[in-house]
Amino acid sequence: MQWLTKNARALRLIAALAALALLVVACNDVVDDVDDDDDVAEAPDEQFLTLATGSTGGTYFPLGGAMAGVWNDNLDAVRVSTQSSGASVENLRLLDAGEVELIMAVNGVAADAMAGEGAFEEDGPMEDFAFLGNVYGEVTQVVARADSGIESVADMAGQRVAIGPPGSGTEVIARTMLEAEGIDPDNDIEAFSDTFGDAADGLRDGRIDAAFAILALPAGSIEEVATATDLTFVSIDDDLRGRLLDDDPTLSELAVEAGTYPGQDDEVIWVTNWATLYAPMDLDEDAVYELVRVLYEHNESIADAHAVGAQIQIDTALDGRADLPLHPGAERYYDEVGAE
């Protein structure tokens, strides 16, 4: 009987220890769950975004790479990669199709996309994208070989002219300017759809007579050609310029002083727009806020990688926006810093 009592006590002790062990395990599971939840709150999933830029011979491609590098260096939750493209028109179509999350495009071309006009008549209005901020001034530059005799856009009839890659802002404005002078780009000139890198080679070797290019000022590719080849820097005359400005409120006149390029002895009058960053309207608000903040607060780091980065300035971030809608994340940042 005494033996049974001792065994009963032992069994009760074992049962109590087992219950205590289960309680400890349960408590540990609760703590682990809390810790896991805290980790999720403190380290949200990274967002991987693609920025569509432009052709490798232009400004968008290397500048976009510099911007992505600075974003990736300064943001933990957002990673940006870049891809080359045909620039503005193609980029807006890529954005509308959901194939990329960020693009650079000329603001005038973006306004056409929003309205379903110009190059986007067949596409219809693209209404689900938003303005994030200006990057740099886009200058429509027109150059010709000096031996071509071209001194105005009207002189290009019958000539070999690079009008820009299909789907680029350069092609849009080149066609607009030629048509305004009564020149059919498809029939009255020999049109080349070169990137400006290829067009520069064509000017140098005599394969083409003239070229349009929307580039930052001064453009390294034009500097290189002008160093090796006699060029005419073709001013947009008063009449044509007046019609362009009347038709497109996002354009403005720009006087480029003599000596900006090798062999440029006189002032030349061109028109300028803005290269602007766009995203889908439904892109995460906090991500957009951080992208815009880093773009303007770390512009010097971008300039270290590409000289045009020096033109990324908060004072001009909203110039020429016209009726393009501002993304809420960008708007939050601009409200904080008092940008107008």
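The values are calculated or read from the model by the stated rules, or taken from the named source; none is laboratory data. Quantities reported herein were computed from a predicted structural model and do not represent experimental measurements. Here Cβ is always computed from backbone atoms with ideal geometry, including for glycine, and neighbour counts include all displayed protein chains. To get the accessible areas, we keep the full protein, side chains included, count just its heavy atoms, and leave off ligands, DNA and RNA. Shrake-Rupley method; radii C 1.70, N 1.55, O 1.52, S 1.80 Å.
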Practice task
Looking only at the range 222-244, count how many residues are assigned to a helix (DSSP H, G or I) and either open to solvent by 50 Å² or more (accessible area, probe 1.4 Å) or touching a His at 6+ places or on another chain (Cβ under 9 Å) (or both).
Solution key: 7
Problem - Residues that are polar (S, T, N, Q) and touching a strand residue (DSSP E or B) at 6+ places or on another chain (Cβ under 6 Å), drawn from the range 193-231 - result: none
Problem - Checklist (1) touching a helix residue (DSSP H, G or I) at 6+ places or on another chain (Cβ under 7 Å); (2) open to solvent by 10 Å² or more (accessible area, probe 1.4 Å); (3) small (G, A, S); (4) assigned to a helix (DSSP H, G or I) applied to G137, failing item - result: (4)
Handout entry: Number of the exception - L254 against (1) open to solvent by 40 Å² or more (accessible area, probe 1.4 Å); (2) out of contact with any Phe, Trp or Tyr (no Cβ under 8 Å at 6 or more places or on another chain); (3) in contact (Cβ under 8 Å) with a residue 60 or more places away in the chain; (4) under 17 Å from N107 (Cα atoms)
Key = (2)
Handout entry: Residue check for V294: under 16 Å from the mean Cα position of the chain (by Cα), at pLDDT below 95 and in a helix (DSSP H, G or I)
Key = no
Exercise for the section: Have a look at E267, E285 and point out the one that is open to solvent by 60 Å² or more (accessible area, probe 1.4 Å), touching a strand residue (DSSP E or B) at 6+ places or on another chain (Cβ under 9 Å) and touching a residue at least 12 places away in the same chain (Cβ under 8 Å). Expected result: E267
Exercise for the section: Check A68 against each of (1) buried (at least 18 other Cβ atoms within 10 Å of the Cβ); (2) within 12 Å of the chain's Cα centre (by Cα); (3) touching a residue at least 40 places away in the same chain (Cβ under 8 Å) and name the one condition it does not meet. Expected result: (3)
Fill in the blank from the handout: If you go through N134, N187, the only one that is polar (S, T, N, Q) and without any contact (Cβ under 8 Å) to a residue 12 or more places away in the chain is N187
Completion exercise
Expected output for the range 106-126 (first residue closer than 18 Å to A275 by Cα and open to solvent by less than 10 Å² (accessible area, probe 1.4 Å), partner at pLDDT 95 or above and in a loop (DSSP other than H, G, I, E, B), Cβ below 6 Å, 6+ apart or cross-chain) is A113/M126
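Taking the range 248-271 only, how many residues are over 19 Å from T229 (Cβ atoms) and outside any loop (DSSP other than H, G, I, E, B)?
Qualifying residue count, the range 248-271: 7.
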Exercise for the section: Of all residues in the range 162-207, count the ones that are closer than 20 Å to E223 by Cα and either open to solvent by 10 Å² or more (accessible area, probe 1.4 Å) or in contact with a helix residue (DSSP H, G or I) (Cβ under 6 Å, 6 or more places away or on another chain) (or both). Expected result: 16
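Just checking, does the range 211-233 include any residue being under 23 Å from G86 (Cβ atoms), in contact (Cβ under 8 Å) with a residue 24 or more places away in the chain and not hydrophobic (A, V, I, L, M, F, W, C)?
Our first condition is that a residue be under 23 Å from G86 (Cβ atoms); within the range 211-233, this holds for 211-217, 219-222, 224-225.
Now restrict to residues that are in contact (Cβ under 8 Å) with a residue 24 or more places away in the chain: 211-217, 219, 221-222, 224-225.
Still in the running and not hydrophobic (A, V, I, L, M, F, W, C): 221, 224.
Checked against the condition, which is being under 23 Å from G86 (Cβ atoms), in contact (Cβ under 8 Å) with a residue 24 or more places away in the chain and not hydrophobic (A, V, I, L, M, F, W, C), the range 211-233 yields at least one hit.
Within the range 297-340, how many residues are on the phi < 0 side of the Ramachandran plot and in a loop (DSSP other than H, G, I, E, B)?
Selection size over the range 297-340: 14.
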Fill in the blank from the handout: How many residues of the range 140-159 are hydroxyl-bearing (S, T, Y), open to solvent by 10 Å² or more (accessible area, probe 1.4 Å) and outside any helix (DSSP H, G or I)? The answer is 1
Handout entry: Count - residues of the range 91-105 that are part of a helix (DSSP H, G or I), open to solvent by less than 10 Å² (accessible area, probe 1.4 Å) and closer than 17 Å to M67 by Cβ
Key = 1
